[in-house]
1. Using the basic label-point model (7 angstrom from Cα toward the beta carbon), what is the Val292 to Thr381 distance in nanometres?
2. First select every other residue whose beta carbon is under 12 angstrom from the beta carbon of Trp13; then total the charges, Lys and Arg +1, Asp and Glu -1.
3. Suppose a student asked you for the relative contact order of the chain, using Cα pairs under 8 Å spaced at least 6 residues apart; what percent would you report?
4. Got the relative contact order for the range 112-180 handy, in percent, Cα pairs under 8 Å and 6 or more residues apart?
5. Residue by residue, what Karplus-based ³J(HN,Hα) values in Hz, rounded to whole numbers, does the range 120-137 have, using 6.51, -1.76 and 1.60 with θ = phi - 60° and x for Gly and Pro?
6. Could you give each residue of the range 139-153 its phi-based ³J(HN,Hα) in whole Hz, using Karplus coefficients 6.51, -1.76, 1.60 with θ = phi - 60°, and x for Gly or Pro?
7. Please go through the residue pairs Lys3/Lys25; Lys241/Lys411; Lys35/Lys354; Lys3/Lys241 and name each one whose alpha carbons sit more than 30 Å apart in this structure.
8. I'd like to check one number: the per residue accessible area of the chain, probe 1.4 Å, reported in Å² as a whole number.
Amino acid sequence: MAKFEKANSVGEWLDQRLNTTTLNKVLMTEYWIPKDINFLWAMGVLLATTFGILVISGLFLMMYYKPDVNLAFDSVNYTIMQEVAFGWLFRHMHGVAASVVFLIIYIHMFTGIYYGSYKQGREMIWISGMLLFMTFSAAGFSGYMLPWGQMSYWAAMVITNLFGGIPVIGDALVVWIRGDFNVADATLTRFFMLHVFLLPLVIMGIIVLHFYTLRIPHVNNQTSEDIDFDEEAEKYLSGNKKESKVIPFWPVFISKDLAVLGIFLIFYFYLVFFHYNFAMDPVNFDPADNMVTPAHIYPEWYFLWSYEVLRGFFFDVGPIKAFDIGLAAFGFANAIFLVLPWLDRDSKILPAHKRPKFFIWFWVLMADLIVLTVWGKLPPTGVNAYIGFVAAMVFIILFLALPIITKLDAKKRGDA
């Protein structure tokens, strides 16, 4: 058994039993971050903060929410919004954070793509990040159903119907997910459990995994320079801080993160108090009615791009039905980012502006995603349907062409 000496402070007592000094060095004071980064590298802290806001506001909402099809709508729109002190504030905070968290995820995700922070040893960082995106998407969808308004009900009907397209087990899977033949009380309680218990636990676990995957390859930088972190850390610790290319996470890097966080919170609470309506669809203020279908069904803005890929294929191709083509395209769109490290055939880690063809590819992808998002909320009639189809095809072609494009960039530099 280890021998313990009399501690002179609480901190020393804990250190003897938990080795907090070493833990502090590993996670904070000697966790090294490149100097050459910008505010876009603060998205991880913003994401963690926004997730914390979602958890805390969600706990308060859960105290008054009723996961019952006869009570859910009134518990949100009357009890929480009108009867509970500051209930409106917690709902606004939760609704705005649910949208803003996806904005942060997308910025974080496409920053990683732009700077090539997904390959050459960083594959697990990327994969864990994409798993986070998928889990947040599941949490966002399950939460969208809980107010039990018209759009909640019909969006759940459409999305759960998608599983019916899976060969052999599709129909049985839809019934299993819903807990009924239609979206009903059993569906609501299942999604409530997912949203408030299971998915938050999974998200917390993947966040821990995501941070752990950063330990070996370390954080990338703006120039994608291959830094010898051990050598640069020795420079910093010896007092040569100016020439060292790294800084400690605590207190230097976190101070920059907190500055960005302060600006973000001003923006966030401005939305909470003055422009919260963007996060609350007006159709969802009507109670769910399975006898009245809304004129136009659509998901929240952060799902619109993939929703437009799904419905972009509105015609049959020979014996293949439009629904099956759209479902295959939807699956492609949601899975393709996961394998991005293996689609990029350029052996060097370089930012997009140093890879001419990839640079064009990246901004065409950004433009196409914006088009898909905008048209995803418009009725798929007339010219809108054809624009959606073209944008969906462009998205698929871009990823099919990526191995060729990246290989050509490498060849032009003489690295092929």
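1. If labels sit at Val292 and Thr381, their model points lie 2.0 nm apart.
2. Combined, the nearby Lys, Arg, Asp and Glu give -1.
3. It rounds to 22 percent for the chain.
4. 13
5. Running phi through 6.51 cos²θ - 1.76 cosθ + 1.60 with θ = phi - 60° gives 6, x, 9, 4, 5, 4, 5, 4, 5, x, 5, 5, 4, 4, 5, 5, 4, 4 Hz.
6. For the range 139-153, the Karplus-derived couplings read 5, x, 5, 5, x, 5, 7, 4, x, 6, x, 4, 6, 4, 5 Hz, x marking Gly and Pro.
7. Correct reply: Lys241/Lys411; Lys3/Lys241.
8. 51
The values are calculated or read from the model by the stated rules, or taken from the named source; none is laboratory data. This one's a predicted model, so the numbers in the text were calculated from it and none came from an experiment. Glycine gets a Cβ as well: all are built from the backbone with ideal geometry, and neighbour counts include every protein chain shown. What goes into the accessible areas is simple: the full protein's heavy atoms, side chains included, and nothing from ligands, DNA or RNA. Shrake-Rupley method; radii C 1.70, N 1.55, O 1.52, S 1.80 Å.
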